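**Q** One structure is given below, represented as structure tokens, and several questions about it will come after.
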Amino acid sequence: METYEAGQSGDGRDLTQGRGSSTGAGWDPPLRLGQDVRFVLAAVGGGAIRVTREIARRHLRHLETVAINCDPKVQGFDEFDRRVYLGSESGPETDTGGSPFVCGVLARAAEPALQRIFHGVTFVIVVGSLGGGAGSGAFPYVLEVASRNAEVVSAFVIKPFRCEGERRALAERAIGRLHFVESFVEKRERQVATLQILDNESLVESCGAIAFSRVADHWASVIQEHIEHSYLAPTEAILNAAQIASEPLSMETAVEGPATPALEVVSPVHGPTPEVPVPLPALHADANEVELTFEVDGKARPPAAQ
């Protein structure tokens with residue numbers, strides 16, 4: 001799992017300071033998309049990973065992808081830039097038994113690793129598939145860390161079909177708990193975060209019978225459209241305009257992004273489309289840094305589900 005460290009770039013410039021300040025040599029170089037301004041798409045839970053794998057295969061410009069799950073199989077998903085297995089890399093495999101509580105404990109223990117992934121991110125999109133252990137239990141903790149670090153947050157939660165019974169009921173309870181994720185709630189109040197519910201049942205109502213394989217592809221297109229039109233295109237326009245004018249970015253040059261396009265068979269957005277902020281410099285990776293392996297401390301790991 002690639003990590004980012006605070007400090008200076010290779011040419012000695014302090015990356016913790018904003019760009020665009022006047023110096024004796026003129027203006028600093030413009031912010032670079034994907035480096036100084038980072039876009040991260042994180043998936044939590046098996047269903048969310050299936051959706052975001054479709055997006056990862058489309059190779060959106062500047063987009064980093066992260067897969068997070070309690071299933072060790074997540075480590076083999078090469079389509080993602082980073083993969084986080086919420087469990088032990090050595091010793092016996094943690095049996096969550098599909099328990100949201102157990103997965104929540106594992107996610108809380110993984111906070112240092114999650115902190116390193118989201119630190120310095122400008123825009124983060126977090127997708128969770130509710131109704132299972134990881135999506136319902138770990139998603140709120142991932143969303144909390146992401147919201148604490150990123151400038152702008154979009155959360156997408158996928159609800160199971162009505163015929164899935166208990167899983168759908170569990171998803172409803174999980175959505176209710178999102179109103180207590182403090183950093184996310186605070187960002188929604190400042191209109192720099194949104195929550196969108198992708199209800200599988202709405203596909204049945206609008207499209208009739210739909211192949212299960214098409215569900216992931218459909219939601220992937222919805223989320224991709226949001227990323228393109230709400231984040232990538234507006235940010236590119238801002239940076240290109242600033243570069244052409246040879247002026248530093250400031251609050252006066254930041255403009256409100258276009259309204260989120262109408263999303264087909266999506267429940268109403270809870271809150272307005274977040275305003276595109278002045279991008280902040282990101283932290284940079286040390287080229288010599290070795291891959292980080294995350295392992296939950298044995299004392300923090302809950303007992304295997306019975």
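The values are calculated or read from the model by the stated rules, or taken from the named source; none is laboratory data. Predicted, not measured: the structure shown is a model, and the values here were computed from it. We place every Cβ from the backbone using ideal geometry, glycine too, and count neighbours over all the protein chains shown.
**Q** Looking only at the stretch 34-52, count how many residues are more than 12 Å from the chain's Cα centre (by Cα) and buried (at least 18 other Cβ atoms within 10 Å of the Cβ).
**A** 7
**Q** Which of the residues belonging to the stretch 34-73 are β-branched (V, I, T) and closer than 22 Å to H119 by Cα?
**A** Scanning the stretch 34-73 gives V37, V40, V44, I49, T52, T65, V66, I68.
**Q** Right, here's the next one. Pairs only if they're at least six apart or on different chains, beta carbon under 7 angstrom, first in the stretch 107-134 and closer than 18 Å to G34 by Cα, second charged (D, E, K, R); list them, first residue then second.
**A** Within 7 Å, the pairs are I117/R82; G120/R38; V121/R38; T122/R38; T122/E151; F123/E151.
Condition check ((1) at pLDDT 70 or above; (2) in a loop (DSSP other than H, G, I, E, B); (3) touching a helix residue (DSSP H, G or I) at 6+ places or on another chain (Cβ under 8 Å); (4) under 17 Å from S154 (Cβ atoms)) across all residues:
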{"position": "G18", "(1), (2), (3), (4)": "no, yes, no, no"}
{"position": "L31", "(1), (2), (3), (4)": "yes, yes, yes, no"}
{"position": "A43", "(1), (2), (3), (4)": "yes, no, yes, yes"}
{"position": "G47", "(1), (2), (3), (4)": "yes, no, yes, no"}
{"position": "T52", "(1), (2), (3), (4)": "yes, no, yes, yes"}
{"position": "I55", "(1), (2), (3), (4)": "yes, no, yes, yes"}
{"position": "R61", "(1), (2), (3), (4)": "yes, yes, yes, no"}
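**Q** I'm trying to understand the selection: among the residues of the stretch 124-138, which are touching a Pro at 6+ places or on another chain (Cβ under 9 Å) and not polar (S, T, N, Q)?
**A** G128, L130, G131, G132, G133, A134, G135, G137, A138 - these are the residues of the stretch 124-138 that are touching a Pro at 6+ places or on another chain (Cβ under 9 Å) and not polar (S, T, N, Q).
**Q** Also: Counting only residues that are within 10 Å of the chain's Cα centre (by Cα) and not aromatic (F, W, Y), which one in the stretch 122-144 is nearest to H179 (Cα to Cα)?
**A** L143
**Q** Just wondering, is there one or more residues in the stretch 155-170 that are surrounded by 24 or more Cβ atoms within 10 Å (Cβ to Cβ), outside any strand (DSSP E or B), of a type outside the set (K, R) and free of Cβ contacts under 8 Å to residues at least 60 places away in the same chain?
**A** Checked the stretch 155-170: no residue is surrounded by 24 or more Cβ atoms within 10 Å (Cβ to Cβ), outside any strand (DSSP E or B), of a type outside the set (K, R) and free of Cβ contacts under 8 Å to residues at least 60 places away in the same chain.
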